[in-house]
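Here, each number is a calculation from the coordinates, and none is a lab measurement. If you're wondering where the values come from, they're calculated on a predicted model, not measured in any experiment. All Cβ positions, glycine included, derive from the backbone under ideal geometry; neighbour counts span all protein chains shown.
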Amino acid sequence: MRVCRTRLYRPLFMNRSDYVDPALCWTGCKNIGRSRSLSAIGDHNLIRLKLPLEKVHPMNVPTANWSYPTAIRFGPGRISELADACKAAGMSKPLLVTDKGLADLPITAKALDILETAGLGRAMFSDVDPNPNDKNLEAGIAAFRAGGHDGVIAFGGGSGLDLGKLVAFMAGQTRPVWDFEDIGDWWTRADASAIAPIVAVPTTAGTGSEVGRAGVLTNSTTHVKKIIFHPKILPTITICDPELTVGMPRIITVGTGMDAFAHCLEAYSSPFYHPMSQGIAVEGMRLVKENLPKVVADGNDLEARAHMMSAAAMGAVAFQKGLGAIHSLSHPVGAIYNTHHGMTNAVVMPAVLKLNRPAIEDRIVMAAAYLGISGGFDGFYDFVLKLRSDLGVPDKLSELGIGTDRIDELVEMALADPTAGGNPVELTKENTRVLFEEAIG
Ligand SMILES: NC(=O)c1ccc[n+]([C@@H]2O[C@H](COP(=O)([O-])OP(=O)(O)OC[C@H]3O[C@@H](n4cnc5c(N)ncnc54)[C@H](O)[C@@H]3O)[C@@H](O)[C@H]2O)c1
Ligand SMILES: [Fe+2]
């Protein structure tokens, strides 16, 4: 019997009578019998045994099944389980919702092929803009109803994911979507029983919408981005397949990766009490620090792509603790100028760090130590500047075509954004204006 000792991991608190399941081992461990108990392997090997609920792809990329915060099937090639996931979520006629850019890509055609082969049809709705809006939503709901669908596959970056989640949410509601903005208990106004099941498939690694309970929707009349919330739009099953992110254009890899970093940083910095989020946020930052430069240098680095996908999901889990001024500034800029969300976050990040310094210096010093950055807060700030410049992030919003002509409007919208309340330094008209002036340049 061949025993793979170096790659089998298990926490030490594991019940000694548990079995090592060959299906859960790395490639190369296949000869361990299902009935072979750990006690038979021997105590000296237990120390090496951590987490057998994890396999590793031949290219050293982890594959795992997680149930936090929802059921996540994580690993390269797992898009092949799409039809199975839909059936497990109770769908027999799903509508795949994605954005215009993804509609013609091979990864989308492959997903539709998988559905068709399994007898689930190949229905797609893709009239979805970046920073999706209420018109996209109306058209999506009409397609869902006309096709007699019973669930949604939310497929894409944040735009496709959010719009898909909102179609599943709104197709059975009678009230307008704006009644479900993330304010107080507004979500309880919804008929929860009318929400269709959702399977989420991220194709970028940034927003973490695949594990979130909200969708961001732009009001096409007022040009304001609103966060629509309901606990039941947390996807029933999420498939995180890092191979789907390999074809992202470089600029989207950078922007989405910086969005994940911004989620972790803002959650970590927010003043609310949530130690669980705190831990997830700091490890998420580490994953981005280690892996974003790698995926930008080599888009085919699947291991680094996988870690970025984890970091994205972790950012969204962490920001249940709160977001802050990076997002308060970026939401109005994105709504008015249609800039990429994550890239906008990356541009405004240093100005916000400077404003927040008095409130967050202590905890950023701790994060810097964990991340292996010397120099405390200054070291962390310099690291952010260097990361941005290494990745080609513009230094100022003016480089994205934004001027100061609408600054009063931007300030007002930033202060009204729901994320403003999570900033560790209270946002005022004065300091928010200063932030915009500095970020615009
Ligand atoms: N729900 C949330 O919690 C949450 C959090 C943050 C941001 N958002 C929202 O998400 C949206 C931004 O999402 P995003 O940053 O993922 O960008 P995106 O979804 O707008 O995608 C950006 C571009 O990349 C293309 N693309 C996506 N995946 C690709 C792939 N694998 N290969 C090739 N091209 C690909 C898309 O077609 C699109 O043109 C914004 O509307 C933002 O407000 C939501
Ligand atoms: Fe974000």
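Rounded to whole numbers, the Karplus 3J(HN,Hα) couplings from phi for segment 249-263 are x, 3, 5, 6, 4, 5, x, 5, x, 6, 5, 4, 5, 4, 4 Hz, using 6.51 cos²θ - 1.76 cosθ + 1.60 with θ = phi - 60°, and x at Gly and Pro. Full extension of the chain between ALA146 and THR117 yields a length gain of 8.2 nm, computed as 0.36 nm times the residue separation minus the alpha carbon distance.
Note on segment 90-118 and segment 130-167: Cα centroid distance 13 Å, given to the nearest whole angstrom.
A straight chain from ARG250 to SER193 at 0.36 nm per residue would run longer than the Cα-Cα distance by 16.4 nm. The packing ranking, built from the mean of other Cβ atoms within 10 Å per residue, places the peptides 199-211, 333-345, 425-437, 79-91 in the order 199-211, 333-345, 79-91, 425-437, highest first.
Per-residue extension of 0.36 nm, minus the Cα-Cα distance of ASP378 and ASN60, leaves a gain of 111.0 nm for this segment. Amide H to amide H distances under 5 Å link CYS240 with ARG73, PHE74, GLY75, where only residues 5 or more positions off or on other chains count and H is placed in the peptide plane.
Note on the chain: with a GNM built from Cα contacts shorter than 10 Å, the maximum mean-square fluctuation among ALA281, ALA416, ALA260 falls on ALA416. Within a straight-line Cα-Cα reach of under 12 Å, LYS225 can be paired with the following aspartates and glutamates, leaving aside sequence neighbours fewer than 8 residues apart in one chain: ASP134, GLU181, ASP182, ASP417.
Between GLU412 and SER398, the simple spin-label model (points 7 angstrom out along Cα→Cβ) gives 2.5 nm.
With a Förster radius of 35 Å applied to the beta-carbon distance between GLU138 and SER80, the computed FRET efficiency rounds to 0.60.
Loop-located trypsin sites (Lys or Arg not before Pro) in segment 91-170 (DSSP state other than H, G, I, E, B) with a sparse environment of at most 16 neighbouring Cβ atoms within 10 Å: ARG122. In the chain, helical runs assigned H by DSSP with n ≥ 4 each contribute -39500 (n - 2.57); averaged across all residues and rounded to the nearest 500, the mean residue ellipticity at 222 nm is -14500 deg cm²/dmol.
Computed from label points 7 Å out along Cα-Cβ, the spacing between SER92 and PHE272 is 4.1 nm.
Cross-link reach is defined here as a Cα-Cα straight distance under 15 Å, omitting same-chain residues fewer than 8 places apart; for LYS93 the aspartates and glutamates meeting it are ASP84, ASP113, GLU116, ASP150. Separation of the alpha carbons by more than 19 angstrom is noted, of LYS135/LYS226; LYS289/LYS396; LYS321/LYS396, for LYS289/LYS396; LYS321/LYS396. Round to a whole angstrom and tell me the spacing of the C-alpha centers of segment 250-301 and segment 356-407. So the separation of the two Cα centres works out to 13 Å.
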